[in-house]
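Below: the structure, in structure tokens.
The values are calculated or read from the model by the stated rules, or taken from the named source; none is laboratory data. Treat the numbers as computed from the prediction; the structure is a model and nothing was measured. In this analysis, Cβ positions are derived from the backbone assuming ideal geometry, glycine residues included, and neighbour counts consider all displayed protein chains. Ligands, DNA and RNA are excluded from the accessible area calculation, which covers all protein heavy atoms including side chains. Shrake-Rupley method; radii C 1.70, N 1.55, O 1.52, S 1.80 Å.
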Amino acid sequence: MTKTLSGVIAAIATPIEEGGAPDPKRAVKLARYLLDNGCDGLNVLGTTGEATSFSLAERKAVMDAYKTNGLPLDRLMVGTGAAAVSDAVALTRHAADLGFAGALVLPPFYYKGVPDDGLVAYIDALVKATAQRPIPIYLYHFPAMSGLPWHVTLIKRLLETFPNRIVGLKDSSGDMSFARSAAAVCSDFAVYPSTEACLIEARSGPFAGCISATANLNADLCARAWSEGDTAALEAAVTIRKLFDGKPLVSGVKALLAHIHGDAGLARVRPPLAPFSAADRAAVVSGHDAVRAKRVA
């Protein structure tokens, strides 16, 4: 078991090659940039990372690229949830074997309304498969996408059933009352809201930090809020996040990454996602540059 991650964690985008495969060279370069410019850690292959649009082999290849290129895996958690239990087992075992700091696990998301017993059995399969290399397991709560919640009663049951293996939860529900209830389950249970807006509150203890898509774009500002309690920096970071209100988030983050880094290839997305529209891109770029007052390269 490694130390639980904390602080500013970017849900890192996965760059795409022209042919549609993940782009390991760009992925490693972006990861290094984020870790060197405000991120305490990274969430690899999450929703922003388009994980569910990639095959099992492609997801493993992305993990391998981070390992092969010497990135600090003790600062990286990786999404390993899948609709098929066998796929989730294979991905979680691969993450454990490589030495990632944690596995972030969506519930098996096709069947809706399944009983808690089924979800416990799913986690049981992951725990047993990694018993020899007990990678920490983080629950990924995103019911708007998965259709299945890791609700508070179920969290308590999982912590009791698998002590020392279930260590935290990423909450992408947007429901801060749920996030606070989940964090109150156990003092050692790390909860990460998906918005950087929580960072000042997190400094006082209820949350372990945030795991945010827009930390791809504003990690330096988030770091000042987290480490120094800088409210002006947080306001600027949240202003950048709000540029995406009502717009497609993943393609939007990638479009702005392409602008920030001067690399049009970073804007590519994998079907079924579609590229950010030109009008939305112009609005977001203008808003970002107004916050920054200068381009960040």
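For Gly99, are the conditions met, namely being open to solvent by 30 Å² or more (accessible area, probe 1.4 Å), within 20 Å of the chain's Cα centre (by Cα) and at positive phi? In short, yes. Scanning the range 41-60 for residues that are part of a loop (DSSP other than H, G, I, E, B), open to solvent by less than 20 Å² (accessible area, probe 1.4 Å) and either of a type outside the set (Gly, Ala, Ser) or in contact (Cβ under 8 Å) with a residue 60 or more places away in the chain (or both) yields a total of 5. Restricting attention to the range 6-22 and to residues that are out of contact with any helix residue (DSSP H, G or I) (no Cβ under 7 Å at 6 or more places or on another chain) and assigned to a loop (DSSP other than H, G, I, E, B), the residue that is surrounded by the fewest Cβ atoms within 10 Å (Cβ to Cβ) turns out to be Gly19.
For the range 101-115, the count of residues that are part of a loop (DSSP other than H, G, I, E, B), in contact with a Phe, Trp or Tyr (Cβ under 9 Å, 6 or more places away or on another chain), small (Gly, Ala, Ser) and under 24 Å from Ala11 (Cα atoms) is zero. The lone criterion from (1) in contact (Cβ under 8 Å) with a residue 24 or more places away in the chain; (2) more than 30 Å from Gly205 (Cβ to Cβ); (3) open to solvent by 60 Å² or more (accessible area, probe 1.4 Å) left unmet by Asn37 is number (2). A search for C-beta distances below 7 Å between a residue of the range 264-292 that is in contact (Cβ under 8 Å) with a residue 12 or more places away in the chain and more than 14 Å from Ser251 (Cβ to Cβ) and any residue that is open to solvent by 40 Å² or more (accessible area, probe 1.4 Å) and of a type outside the set (D, E, K, R), counting only pairs 6+ apart in sequence or on different chains, returns Val291/Thr239.
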